[in-house]
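So the structure is just underneath, and the comments pick up after that.
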Amino acid sequence: MAFQAMKWLFFQHVVCALAVYSETKAEKYAKLAGAAYCAPESLKTWSCGAKCQPFNVTNVQVCHGDTTYSYVGRWDDRCLVGFEGSWDPLSWITDASFKEITTPWPGCTNCQAHSGFAGEWFSHKQCVIKALNKIGCNAGHSEIYTTGHSLGAAVNVFAMADLEELGWKVAESYDFGRPRVGDQAFASFIEKKFVGRSWRVVHHIDPVPHLPVTDLLQLVHFKHTNPEVFYTAKNVTEGYNICQHSESDMQCSHGQVGAVITNPLNWKQHMIYMDSVPMYGSMWALEKLVLQMPDSQCSAKVLPQAHVIV
């Protein structure tokens, strides 16, 4: 048993050494994740504004889950899936922190996953599969590229795991501001499955990656997947660290727990990624004024609504 563990650890280090995080790619994926917040009708025609303009995305299909949207399309010759996050910071933090009901995950022995996040994926699942098939991205023949932000980043994890079980191959995934989505067994399962293909990006003192916290009864210990790409300051130009032990490494988000607790306005660092990509479509005027948020860069917006995870 110990030999197998050592062999896997060695393999993981080799793959991670060969797989290189690309900031250029991260900037592209951030815009694609941000685009998911734009109005569905503008996504369908890929006329959704500045976040969409740099990319040739066609045949876009839009899905609506219980509380969020997702989209599927052809990004040049790639099969792309993007997941929207949540609009309302206050209700999001409440739900992520306290509704920590867990559920087993198929194919993962003794794993516990966050039932709210998993349930949001299941509400998208059939539509996403239908959309992939409709645009010629069929299981067994197609590689998919995925992204998401916040709640959308959490949903993205379950989508990757599920779609691979169904025959698709996840070629690459970058997501942003992801909360913890399961226990240590589930985190290890995801790491082994997607080593070298998945990058979890955190913007400095973004509070969401610190959620959910371990419950008071110590029944469930939520843990992050690795690696974490941690931007060490507000601006991308200040650089980043890549951590393989992000739950204990003070060089990554774990080292910012104190700053997250003492400064509630850190929410702005959750809503802006890669310096200039707004991760929202629209927000209430007072919220925008207090947080001093820039325009969403969406050509068409929908009114914000509280997305409640149950």
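Just one residue in the set Y21, Y71 is at pLDDT 95 or above, within 17 Å of F176 (Cα to Cα), in contact with a strand residue (DSSP E or B) (Cβ under 9 Å, 6 or more places away or on another chain) and in a strand (DSSP E or B); that residue is Y71.
Among residues of the range 183-211 that are over 16 Å from V229 (Cα atoms) and acidic (D, E), those with a Cβ under 8 angstrom from a residue that is in a loop (DSSP other than H, G, I, E, B) and at pLDDT below 95, sequence gap 6+ or separate chain, pair up as D183/C111; D183/Q112; D183/V220; D183/H221; D183/F222.
The condition of being among the hydrophobic types (A, V, I, L, M, F, W, C), over 29 Å from K268 (Cα atoms), in contact with a strand residue (DSSP E or B) (Cβ under 6 Å, 6 or more places away or on another chain) and assigned to a helix (DSSP H, G or I) holds for V128. Within the range 56-77, being closer than 17 Å to S299 by Cβ and touching a Leu at 6+ places or on another chain (Cβ under 7 Å) holds for V57, V60, V62, Y71, G73. Scanning the range 58-73 for residues that are over 9 Å from A131 (Cα atoms), surrounded by fewer than 22 Cβ atoms within 10 Å (Cβ to Cβ) and in contact with a Gly (Cβ under 8 Å, 6 or more places away or on another chain) returns T58, N59, D66. Flag: K44 does not match the condition of being within 30 Å of G239 (Cα to Cα) and of a type in the set (D, E, K, R). Of the residues examined, Y145 is not one that is part of a strand (DSSP E or B), surrounded by 24 or more Cβ atoms within 10 Å (Cβ to Cβ), at pLDDT 95 or above and not hydrophobic (A, V, I, L, M, F, W, C). Restricting the range 140-180 to residues that are among the β-branched types (V, I, T) and touching a Ser or Thr at 6+ places or on another chain (Cβ under 8 Å) leaves a set whose member that is nearest to F122 (Cα to Cα) is V155.
Within the range 235-252, being within 21 Å of I272 (Cα to Cα) and either under 19 Å from the mean Cα position of the chain (by Cα) or not in a loop (DSSP other than H, G, I, E, B) (or both) holds for V236, T237, E238, Y240, N241, I242, C252. Kindly evaluate F158 against the criterion of being surrounded by 24 or more Cβ atoms within 10 Å (Cβ to Cβ) and part of a helix (DSSP H, G or I). Criteria met by F158.
Contact annotation: no residue pair with Cβ atoms under 6 Å, 6 or more positions apart or on different chains, pairs a residue in the range 220-234 that is within 13 Å of S173 (Cα to Cα) and at pLDDT below 95 with a partner that is of a type in the set (S, T, N, Q) and in a loop (DSSP other than H, G, I, E, B).
The values are calculated or read from the model by the stated rules, or taken from the named source; none is laboratory data. Just so you know, these numbers come straight off a predicted model, no measurement behind them. Please note: Cβ atoms are built from the backbone with ideal geometry, for glycine as well, and neighbour counts cover all protein chains shown.
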